[in-house]
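Working notes, beginning with the structure itself.
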Amino acid sequence: MKPGMEPVIDHYTRTGLMERIRAALRGRGYDPDNPSIEMLSELDHLHGGGFATTEAQVELAEIPRGCHVLDAGCGIGGPSRYLAGMHGCTVDGIDLTPQYIDVAAQLNEMTGLGGKIALAVGSVTDLPYEDEHFDVVLCQNVSMNVADKDRMCKEAFRVLKPGGIYTLSHLAEGPNGSPIYPLPWALTAEVSFLGVPQDLLETLSGAGFSGIEDRAGRARSKPGGGPQPGTIGAAPAMGDDMPARTANAAQSVAEGRLVSMMVVARRPGC
Ligand SMILES: C[S@@+](CC[C@H](N)C(=O)[O-])C[C@H]1O[C@@H](n2cnc3c(N)ncnc32)[C@H](O)[C@@H]1O
């Protein structure tokens, strides 16, 4: 474990996480012993806009049906389950937070997807996969916790097949001052590594990617937006203060303190 990563794990780890999820499902009138991907999608897409943003990113990045995806920083596995269960993909998910991987594994089994999603605890900066292994690397709202983005982008490049797609949603610093903390990914600036938008684009280019494009302007749901109305939201997995933290993110975007990015890049090749 690299220095600086423990506070990130602490930020995401919660007491009784599986019971919090079960209670939220029960409260919504769902059977917590038999949840579907759709029921879980109300609470397991841990980024602004929730499931709608995952759908938007899959569409904007033109992730082919049935391909092999690495969900880099997979959280409790909502986007992985969407890709495996509704988009026909084979998925590997990796995350730094052991508790999230444990819960993701349980939810995969409960939804019958255990055989289509392989999970690992680890860092996006040190991926335990062979070279040229994946068609797509999807990384949603993870890079704000990653200090070494150069290493993260080089690792994504290494594990992608030639012609493979790397797509990231990221919140970068805006021109109008510091964002308002606490935010969904960080209570203070200690575990928040944003950079300006150009930094991420240049880091991708430096890692060898081409066709680098920020397509956030075309997305109908964005990673810094508010939760989908009427859904459970990310509070069970990320903390009871999530409504306030999400509101801070949305206000920071509206005031130009944060810039919502949805980047698509390709590893050159056939
Ligand atoms: C805001 S959550 C997003 C989870 C998931 N991508 C989603 O959208 O549902 C951020 C996730 O990034 C993970 N994370 C942070 N730094 C990481 C790193 N260096 N390597 C792998 N995962 C990391 C956290 O453990 C957490 O699960």
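The values are calculated or read from the model by the stated rules, or taken from the named source; none is laboratory data. Predicted model only: the values in this text are computed from it and were never measured. Quick reminder, even Gly has a Cβ in these numbers, built from the backbone with ideal geometry, and neighbours come from all protein chains shown. Calculation scope for accessible area: heavy atoms of the full protein, side chains included, ligands and nucleic acids excluded. Shrake-Rupley method; radii C 1.70, N 1.55, O 1.52, S 1.80 Å.
Some notes on this structure:
- Rel. contact order, % - alpha carbon contacts under 8 angstrom, at least six apart, segment 6-266: 24 percent
- Portion, in percent, of the accessible area of the chain that falls on carbon or sulfur, probe 1.4 Å: 52 percent
- Each DSSP beta bridge with both residues in the chain is either parallel or antiparallel, and the antiparallel ones are about 40%.
- Surface accessible to a 1.4 Å probe, per residue, for the residues of the chain, Å²: 40 Å²
- Low-density loop positions, trypsin sites (Lys or Arg not before Pro), segment 1-89 - DSSP coil, at most 11 other Cβ in 10 Å: Arg65
- Rounded, prolate or oblate (a/c below 1.5 giving rounded, otherwise prolate when a/b exceeds b/c) for segment 87-169 by Cα gyration tensor: oblate
- Relative to the Cα centre, the charge distribution of the chain, modelled as +1 at Lys and Arg Cβ and -1 at Asp and Glu Cβ, gives a dipole magnitude of about 440 debye.
- When you filter the GluC sites (Glu not before Pro) in segment 111-202 for DSSP loop state and at most 15 other Cβ atoms inside 10 Å of their Cβ, you are left with Glu130, Glu132.
- Farthest towards the positive end of the charge dipole of the chain, among the residues Val142, Thr15, Thr97, is the Cα of Val142, using unit charges on the Cβ of Lys, Arg, Asp and Glu.
- Over the residues of the chain, the helix contribution to mean residue ellipticity at 222 nm works out to -10000 deg cm²/dmol, using -39500 (n - 2.57) for each DSSP H run of at least 4.
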